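K.L.:
Take this structure first; my questions come after.
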Amino acid sequence: MADPLVRFERVRKTYGTGAAAVQSLDLDIARGELMTLLGPSGSGKTTTLMMLAGFELPSEGRILLEGRDIAQTAPHRRGIGVVFQSYALFPHMTVAENVAFPLSVRGVGRSERDSRVAKALDMVRLGGFGDRRPAQLSGGQQQRVALARAMVFEPPIVLLDEPLGALDKALREEMQLEIRHIHQRLGVTMMYVTHDQAEALTLSDRIAVFEGGRIRQCADPKALYDRPADAFVAGFVGENNLLPGTIEARDGEECSIRLRCGPLVQASAVDCGGRGEACVVAIRPERIAVAGVTASDLGEGALPATVLEAIFLGDHVRLRLGVGDGGEILAKRPAGVGSLPEPGGPAAIAWPEGAAFAFRDTTPRV
Ligand code: ADP
Ligand code: MG
């Protein structure tokens with residue numbers, strides 16, 4: 001990337017004698033980008049953020065901010081705003097005083113301070129709340145105060161580490177959109193940490209998927225969902241059927257794979273070996289068509305299956321299907337479209353060409 005705002009170069013971090021928390025990280029963040037670090041607990045996301053903020057030092061490698069190595073720059077001189085899951089507001093100060101704090105520390109004069117605080121509170125839709133104490137606000141409002149405080153000194157980059165983790169689902173979804181809109185309006189660069197793939201898809205310009213201290217894939221949400229680079233990403237981002245099998249034949253991208261549960265299926269090779277190698281076949285549940293037919297009317301390429309369970313979820317139905325000898329496939333379809341196959345009854349399942357991908361079987365299952 002030309003002229004990134006932030007560049008991690010071969011960054012590695014070990015704490016004490018343990019395995020590296022971050023392995024060998026290369027990552028560029030563009031100006032104005034909302035980059036999310038997504039991964040399971042312990043995958044190195046917070047460590048990465050802390051090294052950029054200056055609260056941890058890399059064991060190896062360099063971090064560049066605007067092209068300059070920041071190894072020697074103290075945290076408060078990096079011009080970075082930070083928001084954590086725990087809001088860490090000062091309970092004895094009013095909301096306005098909390099938000100003014102970073103400006104006071106930087107010696108900004110009273111009148112400018114007041115106008116910037118008012119602007120920051122408006123930004124998070126807390127215009128009338130300046131005189132309240134944090135304890136008089138809801139969790140979501142407190143987190144908005146924390147956001148206003150992190151942004152009031154107009155830092156070029158704001159880091160957010162699981163900022164919505166303490167909120168309930170509805171509020172979390174509302175705040176995700178709010179953060180996204182603030183990001184779009186102000187054009188500030190944000191680096192956002194979450195373990196929640198739906199949150200990452202909602203918010204991000206790009207997502208770096210972490211696992212075991214490494215980035216498995218870094219791409220925009222649609223590319224990550226449609227073209228996962230490996231079995232881990234395929235399983236972690238969105239739902240996927242991951243079916244183990246062995247490659248029977250391979251011609252370029254086209255693979256014929258014998259699933260462990262029996263059937264032979266076709267899949268496009270993304271990252272897998274050749275004939276005789278173990279692999280997993282990934283197929284998204286929403287790509288799978290299910291028809292309640294008898295095995296004798298199976299269409300070409302369709303697999304016979306048994307409906308194990310149909311779960312009605314309002315807008316869609318989840319179907320657990322038994323396939324072959326002990327195999328199980330999840331299918332999702334919109335509710336109210338056609339009739340549902342009966343649980344216990346036979347069905348035919350099929351998916352369009354190009355919907356199945358083959359990966360090496362490297363999945364640490366999560
Ligand atoms: P995440 O934010 O993705 O959950 P972390 O960056 O917090 O992951 O942790 C990555 C790894 O580093 C984990 O194995 C964790 O136990 C370890 N770790 C994190 N912080 C420390 C620390 N201060 N001392 C020792 N080990 C740590
Ligand atoms: Mg963390």
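Each reported figure results from applying straightforward, stated rules to the coordinates on display, with no laboratory input. All of these numbers come straight from a predicted model, not from anything done at the bench. A quick note on method: Cβ atoms are made from the backbone with ideal geometry, for glycine too, and the neighbour counts reach across all protein chains shown.
K.L.:
Specify whether the C-alpha gyration tensor of the stretch 200-275 places it in the rounded, prolate or oblate class, a ≥ b ≥ c being the square roots of the eigenvalues: rounded for a/c under 1.5, otherwise prolate if a/b is larger than b/c and oblate if not. It would help to have the intermediate numbers written out before the result.
P.N.:
On the way: a/c = 2.36, a/b = 2.21, b/c = 1.07.
It is prolate, given that a/c is not under 1.5 and a/b is the larger ratio.
K.L.:
Hey, got the dipole for the stretch 200-342? About the Cα centre, +1 on K and R Cβ, -1 on D and E Cβ, debye to the nearest 20? Working shown, then result.
P.N.:
On the way: 15 positive and 20 negative charges, 55 e Å.
Using only the charged Cβ atoms, the result is roughly 260 debye.
K.L.:
Are there chymotrypsin sites (Phe, Trp or Tyr not before Pro) in the stretch 44-122 that DSSP marks as loop and that have at most 12 other Cβ atoms within 10 Å, and which are they? Walk me through the numbers on the way to the answer.
P.N.:
Working: sites: 55, 84, 87; in loops: 55, 84, 87.
Listed in order of number, the matching sites are 55.
K.L.:
Within the stretch 1-104, which GluC sites (Glu not before Pro) sit in a loop by DSSP and count at most 16 neighbouring Cβ atoms inside 10 Å?
P.N.:
Listed in order of number, the matching sites are 66.
K.L.:
Rounded to whole Å, give me the distance from the Cα center of the stretch 1-21 to that of the stretch 131-146.
P.N.:
With the stretch 1-21 and the stretch 131-146 each reduced to a Cα centre, they are spaced 34 Å.
K.L.:
Springs between alpha-carbon atoms under 10 Å, Gaussian network over the chain: tell me which of 29, 283, 182 tops the mean-square fluctuations.
P.N.:
182
K.L.:
Rounded to the nearest 5, what is the percent of antiparallel bridges among the DSSP beta bridges in the stretch 6-231?
P.N.:
Working: 17 of 35 bridges.
The antiparallel fraction comes to roughly 50 percent.
K.L.:
Quick one: among 207, 311, 257, which has the greatest mean-square fluctuation in a GNM of the chain with alpha-carbon springs under 10 angstrom?
P.N.:
Its mean-square fluctuation being the largest, the pick is 311.
K.L.:
Ok, one more. Which ³J(HN,Hα) values, rounded to whole Hz and listed in residue order, are derived for the stretch 261-276 from phi using the Karplus coefficients 6.51, -1.76 and 1.60 in 6.51 cos²θ - 1.76 cosθ + 1.60 with θ = phi - 60°, glycine and proline given as x?
P.N.:
Each residue of the stretch 261-276 in turn: 7, x, x, 9, 10, 9, 8, 8, 6, 9, 7, 8, x, x, 3, x Hz.
K.L.:
Hey, another quick one. With a ≥ b ≥ c the root eigenvalues of the C-alpha gyration tensor of the stretch 46-196, is it rounded (a/c under 1.5), prolate (a/b larger than b/c) or oblate? Walk me through the numbers before you get to the answer.
P.N.:
Details: a/c = 1.84, a/b = 1.29, b/c = 1.42.
Oblate.
K.L.:
Same structure, new question: Apply the a/c threshold of 1.5 to the C-alpha gyration tensor of the stretch 1-94 and tell me whether it is rounded, prolate or oblate. Don't skip to the answer; put the middle values down first.
P.N.:
Values: a/c = 1.57, a/b = 1.20, b/c = 1.31.
It is oblate, given that a/c is not under 1.5 and a/b is not larger than b/c.
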